[in-house]
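The values are calculated or read from the model by the stated rules, or taken from the named source; none is laboratory data. Computed from a predicted structure; not experimentally measured. Note that we place each Cβ from the backbone using ideal geometry, even for glycine, and neighbour counts take in every protein chain shown.
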Amino acid sequence: MSTAPSPALEKKLRVEESQGQPGSGTSKSKASFESWGRYPNYSANVIPLHWQSDFPAVTEGLHNGILPVGMGRSYGDVCLLKDGNLLVTTGMNRLISFDPETGVLTAESGITLAQILDFAVPRGFFLPVSPGTKYVTLGGAIANDIHGKNHEMAASFGNHVPSFELVRSDGSRYICSPTQNPDWFAATVGGMGLTGLITWAQLRLKPIVSRMIDYEGIQFHGIDEFLELKKQYQHIEYTVSWLDCVSTGKNFARGIFMIGDHSKVPDDLKPSPEPKLVFPFEAPGFALNSMSVSAFNTLFFHKQMKPHVKTLQDYEPFFYPLDKVLHWNRMYGKRGLLQFQYALPWETAKEGTIAILREIAKSGLASFLAVLKAFGDIPSLGMMSFPMPGIMFALDFPIKPGISFPLMERLGDMTRDYGGRLYSAKDAAMTPEQFKVFYPNWQDFARYRDPMISSSYWERVTGDQPSL
Ligand SMILES: Cc1cc2nc3c(=O)[nH]c(=O)nc-3n(C[C@H](O)[C@H](O)[C@H](O)COP(=O)(O)OP(=O)(O)OC[C@H]3O[C@@H](n4cnc5c(N)ncnc54)[C@H](O)[C@@H]3O)c2cc1C
């Protein structure tokens, strides 16, 4: 994993990172646009957008449906449209304005959070909500109404978006905010790109005086200890836990509770270095098995030698540890990976999490990357937003024929029975029946869908098709 890439490969991948996905050239091309999980794998026409005025002009003469997409950092099929036309926004990434008095930045929707950070951090500003990778676009962050480690204090991404412009395939335009066209705002925040193209958006940044984070990592054993720590540290802005979901017996549900606040000691606000490592090849299927994962988890748990550490840490490894290795999804091989991510309400959070963890441990399907955290109770603004007050849990599974999908269905059913929901941005396996329980607003939401726009996710969970 730590193999250094050749300079040529590193340059090529950096260009991919900064410019979007393979296929983003200057004209329409049949190419595969992958989501992060690399499953499902569909071909589509990839149409790069460079100017806000490109849409809806580029749709003229198209015979199949369309879908605006960003960096393809969603895991499943929410950013895919089989045999359709993907409008890739990453070429539409200009910064339009910034007001240092209010911290409000206005930019085209294809700008990435990495590009916003490069601009904002040296000026003493930071993202209000940050996901586990900075390689997502502003439009993608709004369309999935993403959440970060500070959900309890800051809620979701859409709560920090004063306004944006939505353009529909018939050319109609809406300026949307919580007070202007509020129904279109609520449908588009978390609306998975289905209501139209977000051309530009505003984002309220927050002031910082240092790149550094006052970090603490605390080992815990079991969900009770996790909940205790959560209560004890509720005054800290960022909290997240890494969880070992392979070990059983006395090590069942052990983990590291990681917390941080922006340092209040003024420091040099220098820009971020370039990422250095690239996962260079497709891992063979046997590389990931429960032995290797168990060994990794034990190493990770004991990497933190002391039960409690305190340190000053740069924001990059704190927020984006996985971005250190570009294309780490290749570790799962050609078949790809599935992510299972749920939110459970407080009433069932503890019981449900223990039951689901037992089911996962029993399945023997290994996972390195299990994350546990709490969601707060500030409501999200989107009709289809994922968060609910309670516990959020996420982990990756390699795709193993005959095993992974039945397991995902069982886990989805358990999530439903405990009153929770799965995250559409990470999903490739939810059943239509589960979807309709998880997102009871879906029929109201469907009234706002642009008739020309669809996604493989939407077609899978509703059976709906674009009407051209
Ligand atoms: C390593 C990793 C860590 C992650 N951590 C988190 C996390 O902590 N929290 C979290 O919430 N998510 C997380 N994610 C998921 C990721 O933040 C979301 O899937 C995000 O929406 C991806 O943005 P994107 O630019 O790649 O959009 P895509 O994946 O390309 O598209 C996402 C959706 O946005 C729509 N869309 C994109 N651009 C536009 C536009 N201009 N107008 C209208 N619709 C548009 C698409 O149609 C699609 O439905 C993580 C992903 C990875 C790979």
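Within the range 66-90, being polar (S, T, N, Q) and surrounded by 24 or more Cβ atoms within 10 Å (Cβ to Cβ) holds for Ser74, Thr89, Thr90.
Considering the range 62-88, the residues that are assigned to a loop (DSSP other than H, G, I, E, B), more than 18 Å from the chain's Cα centre (by Cα) and closer than 21 Å to Gly463 by Cα include one that is farthest from the ligand (Cβ to nearest atom), namely His63. When Ser53, Ser130, Ser97 are checked against the criterion of being among the small types (Gly, Ala, Ser) and closer than 23 Å to Phe319 by Cβ, Ser130 stands alone in meeting it. Each residue in the range 221-243 was checked for being outside any helix (DSSP H, G or I) and over 23 Å from the mean Cα position of the chain (by Cα), and 5 of them qualify. Note on the range 98-140: residues that are part of a strand (DSSP E or B) and out of contact with any Lys or Arg (no Cβ under 9 Å at 6 or more places or on another chain) amount to 2. On inspection, Ser130 does not qualify as touching a Ser or Thr at 6+ places or on another chain (Cβ under 7 Å) and either within 13 Å of the ligand (Cβ to nearest atom) or more than 23 Å from Thr239 (Cα to Cα) (or both).
Selection over the range 152-164 of residues that are in contact (Cβ under 8 Å) with a residue 60 or more places away in the chain and near the ligand (Cβ under 9 Å from one of its atoms) gives a count of 1. Considering (1) at pLDDT below 65; (2) crowded, with 17+ Cβ neighbours inside 10 Å; (3) more than 29 Å from Val129 (Cα to Cα), the lone condition that Ala295 does not fulfil carries the number (2). Within the range 43-61, being without any contact (Cβ under 8 Å) to a residue 12 or more places away in the chain and either assigned by TED's automatic domain parsing to the domain that holds Pro398 or outside any loop (DSSP other than H, G, I, E, B) (or both) holds for one residue alone: Ala57. Answer yes or no: is there a residue in the range 89-96 that is more than 9 Å from the ligand (Cβ to nearest atom), over 20 Å from the mean Cα position of the chain (by Cα), among the small types (Gly, Ala, Ser) and assigned by TED's automatic domain parsing to the domain that holds Pro56. The answer is yes; a qualifying residue exists.
Residues to consider are Ser424, Ser454, Ser404; find the one that is assigned by TED's automatic domain parsing to the domain that holds Gln339, within 16 Å of the ligand (Cβ to nearest atom) and within 21 Å of Trp36 (Cα to Cα). Of the residues listed, the single one that is assigned by TED's automatic domain parsing to the domain that holds Gln339, within 16 Å of the ligand (Cβ to nearest atom) and within 21 Å of Trp36 (Cα to Cα) is Ser424. Scanning the range 221-237 for residues that are more than 17 Å from Lys149 (Cβ to Cβ), out of contact with any helix residue (DSSP H, G or I) (no Cβ under 8 Å at 6 or more places or on another chain) and surrounded by 15 or more Cβ atoms within 10 Å (Cβ to Cβ), we see that the one that is modelled with the lowest pLDDT is Gly222. Counting the residues of the range 259-282 that are buried (at least 21 other Cβ atoms within 10 Å of the Cβ), among the hydrophobic types (A, V, I, L, M, F, W, C) and either closer than 30 Å to Arg358 by Cβ or at pLDDT 90 or above (or both) gives 1. Here is the figure for the range 45-65: residues that are buried (at least 24 other Cβ atoms within 10 Å of the Cβ) and among the small types (Gly, Ala, Ser) total 1. Figure legend. Inter-residue proximity from the range 309-328: first residues assigned to a loop (DSSP other than H, G, I, E, B), second residues away from the ligand (no atom under 11 Å from the Cβ), beta-carbon distance below 7 Å, spacing 6+ or different chains. Indicated pairs: His327/Leu13; His327/Val278; His327/Phe279.
Looking across the range 97-116 at every residue that is surrounded by fewer than 23 Cβ atoms within 10 Å (Cβ to Cβ) and within 16 Å of the ligand (Cβ to nearest atom), the one that is farthest from the chain's Cα centre (by Cα) is identified as Thr106. Taken together, the residues in the range 423-444 that are of a type outside the set (Ser, Thr, Tyr), closer than 19 Å to Ala141 by Cβ and not in a loop (DSSP other than H, G, I, E, B) amount to 2.
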